[in-house]
Amino acid sequence: MLKHALLLQKYFKDFLSEIRRKEPNYKKHIKIDALLLNNDEWERVKKFVKVLDLPDRAQQAFSAENTPTLHNGVPTLEALHAAWSALKDRAQYSEFWDALTAGIEKIKTYYKKAADSHAYTFAMLLDPNTKMTHFKKHWSAKLQDEIHKSAENIVCPNISRSSTL
């Protein structure tokens with residue numbers, strides 16, 4: 001909705017101006033004028049759209065009608081966390097600091113839940129297009145080893161890793 005408002009900014013102003021012109025009641029003129037956004041407010045809307053576009057894209061990565069998307073979970077949460085953290089550190093987004101902080105904390109909560117489940121990492125390993133690519137690019141060697149051990153324990157839970165056949 002805000003994206004559309006930005007695209008139709010000029011028409012929004014024209015629309016309110018036309019309503020004001022036709023309104024005979026002066027007190028209502030003041031209320032209509034209060035609906036008009038100034039340039040600073042339009043800039044704030046642009047920034048807000050950018051902030052909200054990030055979780056919108058993340059949500060799209062989590063959903064599809066015909067293909068599984070569980071393998072996108074961890075990378076999407078990591079990308080959203082990184083993007084919002086970067087915005088939070090930029091001075092021009094300081095007015096959104098509280099909201100970004102709350103959003104980042106919520107992402108951490110979901111990330112912790114994903115970390116407590118092997119489903120997300122195992123789905124990534126089983127995806128023929130990615131396999132270990134994300135882990136190798138973004139995770140430490142220690143965490144990569146943990147992923148391997150976890151997968152081995154899921155696939156072969158009764159085999160001792162220390163014994164040889």
statement: Given the conditions (1) within 30 Å of Gln9 (Cα to Cα); (2) open to solvent by 90 Å² or more (accessible area, probe 1.4 Å); (3) not aromatic (Phe, Trp, Tyr), every one holds for Gln92 apart from (2)
query: Is there any pair linking a residue in segment 112-139 that is under 22 Å from Thr67 (Cβ atoms) to one that is modelled with pLDDT under 85 and open to solvent by 100 Å² or more (accessible area, probe 1.4 Å), with Cβ under 9 Å and at least six apart or on different chains, and which?
result: Ala123/Pro68; Asp127/Pro68
- request: Would you be able to tell me the number of residues in segment 38-65 that are in contact (Cβ under 8 Å) with a residue 24 or more places away in the chain and open to solvent by 60 Å² or more (accessible area, probe 1.4 Å)?
  value: 5
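Report the residue count in segment 19-37 for those that are surrounded by 12 or more Cβ atoms within 10 Å (Cβ to Cβ) and of a type in the set (D, E, K, R).
Here the count works out to 3.
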query: Taking only pairs six or more apart or across chains, which ones have beta-carbon atoms under 8 Å, a first residue in segment 1-13 that is farther than 22 Å from His29 by Cβ and without any contact (Cβ under 8 Å) to a residue 12 or more places away in the chain, and a second residue that is open to solvent by 90 Å² or more (accessible area, probe 1.4 Å) and acidic (Asp, Glu)?
result: none
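Just checking, which of His71, His118, His81 is open to solvent by 90 Å² or more (accessible area, probe 1.4 Å) and in contact with a helix residue (DSSP H, G or I) (Cβ under 8 Å, 6 or more places away or on another chain)?
Working: His71 fails: open to solvent by 90 Å² or more (accessible area, probe 1.4 Å); His81 fails: open to solvent by 90 Å² or more (accessible area, probe 1.4 Å).
Going through His71, His118, His81 in turn, just one is open to solvent by 90 Å² or more (accessible area, probe 1.4 Å) and in contact with a helix residue (DSSP H, G or I) (Cβ under 8 Å, 6 or more places away or on another chain): His118.
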- prompt: Are any residues in segment 139-156 outside any loop (DSSP other than H, G, I, E, B), more than 24 Å from the chain's Cα centre (by Cα) and not β-branched (Val, Ile, Thr), and if so, which ones?
  reply: Ala141, Lys142, Gln144, Asp145, Glu146, His148, Lys149, Ser150, Ala151, Glu152, Asn153
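The values are calculated or read from the model by the stated rules, or taken from the named source; none is laboratory data. From a predicted model like this one, the values you see are computed outputs, not experimental measurements. When we count neighbours, we look across all protein chains shown, and the Cβ atoms used for this are built from the backbone with ideal geometry, even at glycine. Surface accessibility is based on the protein's heavy atoms, side chains included, excluding ligands, DNA and RNA. Shrake-Rupley method; radii C 1.70, N 1.55, O 1.52, S 1.80 Å.
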